[in-house]
Protein chains: 2
Amino acid sequence: MRDRGLSEEEVMRGLLKMRAKDLSYDRIFSSMCTPPHPIALKAHQLFQETNLGDPGLFPGSAELEAEAVRMMAELLGHPEACGYLSTGGTESNIQAIRAARNSADFRDGNIVVPRSAHFSFDKIGDLLSLEIRKADLDGDLKVEVGSVEELIDEKTVSLVGIAGTTEFGQVDPIDRLGRLALDWGIPLHVDAAFGGFVLPFLGGDWRWDFSVEGVTSITIDPHKMGMATIPGGGLLFRHPEDLERLAAYAPYLTVARPKALTGTRSGAAAAAIWAVMSHLGMEGFKEVVNGCMALSRRMASGAKEIGIEPVIEPVMNVVTLRMEDPEGVRAALLGRRWRVSTTRSPKALRLIMMPHSTAENVDLFLGDLEDVLRKKA
Amino acid sequence: MRDRGLSEEEVMRGLLKMRAKDLSYDRIFSSMCTPPHPIALKAHQLFQETNLGDPGLFPGSAELEAEAVRMMAELLGHPEACGYLSTGGTESNIQAIRAARNSADFRDGNIVVPRSAHFSFDKIGDLLSLEIRKADLDGDLKVEVGSVEELIDEKTVSLVGIAGTTEFGQVDPIDRLGRLALDWGIPLHVDAAFGGFVLPFLGGDWRWDFSVEGVTSITIDPHKMGMATIPGGGLLFRHPEDLERLAAYAPYLTVARPKALTGTRSGAAAAAIWAVMSHLGMEGFKEVVNGCMALSRRMASGAKEIGIEPVIEPVMNVVTLRMEDPEGVRAALLGRRWRVSTTRSPKALRLIMMPHSTAENVDLFLGDLEDVLRKKA
């Protein structure tokens, strides 16, 4: 650190220079994040200095957190669900699995996750000293319930199902996993980090949330499709005693038994979540999700027209296009300022249609994709 | 969640109503947080939408993180130290201990912490399945090195020293702990969540950072005395291989081996940290810390004048006042709109002099404290 600081003008110049190196979202098809809704930005700014870790000092912020949790509980089919706002999907998954692990009276347990689970589950296995058993997927890239059952044993502390897989946007058969969980008396955690703010607005008869009896906890990420600010995560439990297993004792704070993994926590992010959910309502979110789904269908059918098949018909706003050399195509598209990602098994180009995506960019992108593939052929 | 959303005006009205319930910081003596520096707010806003979890999309934000880490490494006496910006002290402590645990080839280990360690270490013990052994304190509330040594055995994966204890603002004898760590070949983690942005600016010949040979990692919290925004934490390692033990594999992101505990991470908080450190420099921080120390001395000597003794002479900007019934006094002061906290052993009123504290409020507070004590007597 320098002895004498830079002037405010110099600092702002430095910041603007760095900000110019960051990409703008419009040509990004690789991210599950999106620019926050304008009302999220306003809310965030207003609550910038508040700390949810000390709710006695910030009862207004704490009330916004409680209301946001309540709205999410309703959204997820169980208004009585309890929980808190986390830093994001990884913390939520850690804490859900930790609560499940701590309900067992042994510490050498395992959890059974789909092979399609987010990479954070490997981190969780390391952190919590649990064996991560990966169940096979079927041809549609949903978890095979039979494979899950084969992996369960007396040391299994939780099953995990995914509602919106990171790579393919697929939804596991949560209702069948729920029956399995009840049969074995094991908690079932649903990772809906991405799907939580998509599936409730899709219509259709999805059965993946607390309406499935065996589901004991759900991860949902407002800072993805919820258009809130980072760090905006959510974790909900069906049973208050599971949340209670996460309680710590903090004598000098205004909260006796904090449940979050972190100590100091952003009140600003809570305000942003509350603001977007209150402002959009079910109708507003339906509109956002319908828009992303229309673009997903446009992308998938445009790809078919140039001879590329999607791995699965888009279930959510994730489009994966099967090809021999997705890495090469990704690199060529990067030269044309498109950001896409890839999947490994099966090999595909991965494109996420987010609220920042536009029909114009989908069409421009498809033109460039056709061109890149022709040049490679 | 309601079907039809509220208008923008209704949402803003709701937010302002809640914000009015939150306290303003000026009469808060119980918090280690403070309103962010104005330049932190500007920086945060400018980078609100960026995600450090995907640095290929946000190379400018990633550069700010790297520069902030480098500045902290210099501040902590080892410019080559490596690390990352975390969500705060708890994440940093978790990750430091996780790296230490993972360097051992067994999983039933223990760590030795001072009895004065932050409550997050109990959380860490649960999370990482480590036994937390608590060493005794001496009369000055520093850890007794002899007690630490007695608790070490072949399963000890880390020692922990505190540079700025949460309750009393005391600094453990890190140099002696460092020698112990070297003798036993065990990592020594220093929790300087609060002290990291205080001790370097105090003058004097403190030996507590990477200049002590045995220190392998340090937690430092810009969102406390660093006047940055939440979530602004820091974790530094002396050896790159320790940071590497935290790496995960994320195939679809633009970063191959992310080290943070969380996935999506606030670029805004990184920009805020960079901005405050660049703007204040060593001189600016010295001024801030000198101001807080002057208020601490004013509070301690004012208390003596009304017949109350500090538990220890203020080492940092934490003043603890010994009394019979701190809880009763705290409650009475709450009626006069002062927020203070208490300690248990020894029993004291705990007051933190932060950048938002003023001489005027210290004097007003002392008047109210005298009054409250007289009425109780």
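Among B:Ala348, B:Ala303, B:Ala260, which is the only one that is outside the structural domain of B:Tyr25 (by TED's automatic domain parsing), in contact with a strand residue (DSSP E or B) (Cβ under 8 Å, 6 or more places away or on another chain) and touching a residue at least 12 places away in the same chain (Cβ under 8 Å)?
B:Ala260
Quickly run through the range B:141-159 and pick out the residues that are of a type in the set (Val, Ile, Thr), touching a residue at least 40 places away in the same chain (Cβ under 8 Å) and either open to solvent by 20 Å² or more (accessible area, probe 1.4 Å) or out of contact with any strand residue (DSSP E or B) (no Cβ under 7 Å at 6 or more places or on another chain) (or both).
Matches in the range B:141-159: none.
Every residue in the range B:326-377 that is of a type in the set (Lys, Arg) and over 18 Å from B:Met316 (Cβ atoms), please.
B:Arg330, B:Arg336, B:Arg337, B:Arg339, B:Arg344, B:Lys347, B:Arg374, B:Lys375, B:Lys376
Report the residue count in the range A:211-227 for those that are open to solvent by 10 Å² or more (accessible area, probe 1.4 Å) and either assigned to a loop (DSSP other than H, G, I, E, B) or closer than 10 Å to A:Gly195 by Cα (or both).
4
Can you tell me how many residues within the range A:120-133 are open to solvent by 20 Å² or more (accessible area, probe 1.4 Å), outside any helix (DSSP H, G or I) and either acidic (Asp, Glu) or within 14 Å of another protein chain (Cβ to nearest Cβ) (or both)?
Of the residues in the range A:120-133, 3 are open to solvent by 20 Å² or more (accessible area, probe 1.4 Å), outside any helix (DSSP H, G or I) and either acidic (Asp, Glu) or within 14 Å of another protein chain (Cβ to nearest Cβ) (or both).
Check the range B:240-252 and report whether any residue there is of a type outside the set (D, E, K, R), open to solvent by 10 Å² or more (accessible area, probe 1.4 Å), at pLDDT 95 or above and outside any helix (DSSP H, G or I).
No, the range B:240-252 contains no residue that is of a type outside the set (D, E, K, R), open to solvent by 10 Å² or more (accessible area, probe 1.4 Å), at pLDDT 95 or above and outside any helix (DSSP H, G or I).
Would you mind telling me which numbered condition in (1) farther than 30 Å from A:Met71 by Cα; (2) part of a helix (DSSP H, G or I); (3) open to solvent by 10 Å² or more (accessible area, probe 1.4 Å); (4) in contact (Cβ under 8 Å) with a residue 40 or more places away in the chain A:Lys286 fails?
Failing condition for A:Lys286: (1).
Restrict the check to the range B:322-329 and report whether at least one residue is in contact (Cβ under 8 Å) with a residue 24 or more places away in the chain, over 22 Å from the mean Cα position of the chain (by Cα) and assigned to a strand (DSSP E or B).
Yes, the range B:322-329 contains a residue that is in contact (Cβ under 8 Å) with a residue 24 or more places away in the chain, over 22 Å from the mean Cα position of the chain (by Cα) and assigned to a strand (DSSP E or B).
Within the range A:299-350, how many residues are over 30 Å from A:Asp22 (Cβ atoms) and open to solvent by 70 Å² or more (accessible area, probe 1.4 Å)?
7
Among the numbered criteria (1) open to solvent by less than 10 Å² (accessible area, probe 1.4 Å); (2) outside any loop (DSSP other than H, G, I, E, B); (3) within 22 Å of A:Phe58 (Cβ to Cβ), which single criterion is violated by B:Val362?
(3)
Out of (1) more than 28 Å from B:Ser217 (Cα to Cα); (2) polar (S, T, N, Q); (3) away from every other protein chain (no Cβ under 12 Å); (4) in contact with a strand residue (DSSP E or B) (Cβ under 8 Å, 6 or more places away or on another chain), what's the single condition that is false for B:Asn317?
So B:Asn317 meets the others, but not (1).
Restrict the check to the range A:56-64 and report whether at least one residue is touching a Ser or Thr at 6+ places or on another chain (Cβ under 7 Å), more than 7 Å from chain B (Cβ to nearest Cβ) and under 30 Å from A:Leu364 (Cα atoms).
There is no residue in the range A:56-64 that is touching a Ser or Thr at 6+ places or on another chain (Cβ under 7 Å), more than 7 Å from chain B (Cβ to nearest Cβ) and under 30 Å from A:Leu364 (Cα atoms).
Determine if the range A:263-283 includes at least one residue that is of a type in the set (A, V, I, L, M), outside any helix (DSSP H, G or I), at pLDDT 95 or above and over 15 Å from A:Gly234 (Cβ atoms).
No - not one qualifying residue is present in the range A:263-283.
Please work out which residue is nearest to the other protein chains (Cβ to nearest Cβ), limiting yourself to the range B:1-34 and to residues that are open to solvent by 40 Å² or more (accessible area, probe 1.4 Å) and touching a residue at least 40 places away in the same chain (Cβ under 8 Å).
Restricting to residues being open to solvent by 40 Å² or more (accessible area, probe 1.4 Å) and touching a residue at least 40 places away in the same chain (Cβ under 8 Å), the top hit is B:Leu23.
Does the range B:96-115 contain any residue that is open to solvent by 10 Å² or more (accessible area, probe 1.4 Å), within 22 Å of B:Lys142 (Cα to Cα) and more than 9 Å from every other protein chain (Cβ to nearest Cβ)?
Within the range B:96-115 (the criterion being open to solvent by 10 Å² or more (accessible area, probe 1.4 Å), within 22 Å of B:Lys142 (Cα to Cα) and more than 9 Å from every other protein chain (Cβ to nearest Cβ)), the answer is yes, since at least one residue qualifies.
Just the residues that are hydrophobic (A, V, I, L, M, F, W, C) and either assigned to a loop (DSSP other than H, G, I, E, B) or at positive phi (or both), please, taken from the range A:228-238.
Those that are hydrophobic (A, V, I, L, M, F, W, C) and either assigned to a loop (DSSP other than H, G, I, E, B) or at positive phi (or both): A:Ala228, A:Ile230.
With farther than 27 Å from A:Leu76 by Cα, at pLDDT 95 or above, touching a strand residue (DSSP E or B) at 6+ places or on another chain (Cβ under 6 Å) and β-branched (Val, Ile, Thr) as the only criterion, which of B:Ile39, B:Ile28 stands out?
B:Ile28
Residues of the range B:168-209 being touching a Lys or Arg at 6+ places or on another chain (Cβ under 8 Å), outside any loop (DSSP other than H, G, I, E, B) and either free of Cβ contacts under 8 Å to residues at least 12 places away in the same chain or open to solvent by 10 Å² or more (accessible area, probe 1.4 Å) (or both), which ones?
B:Asp175
The values are calculated or read from the model by the stated rules, or taken from the named source; none is laboratory data. The structure presented is a predicted model; accordingly, all values stated were derived computationally and were not measured. As a convention, Cβ positions derive from the backbone with ideal geometry for all residues, glycine included, and neighbour counts pool all protein chains shown. Side chains included, ligands, DNA and RNA excluded: accessible areas come from the protein's heavy atoms. Shrake-Rupley method; radii C 1.70, N 1.55, O 1.52, S 1.80 Å.
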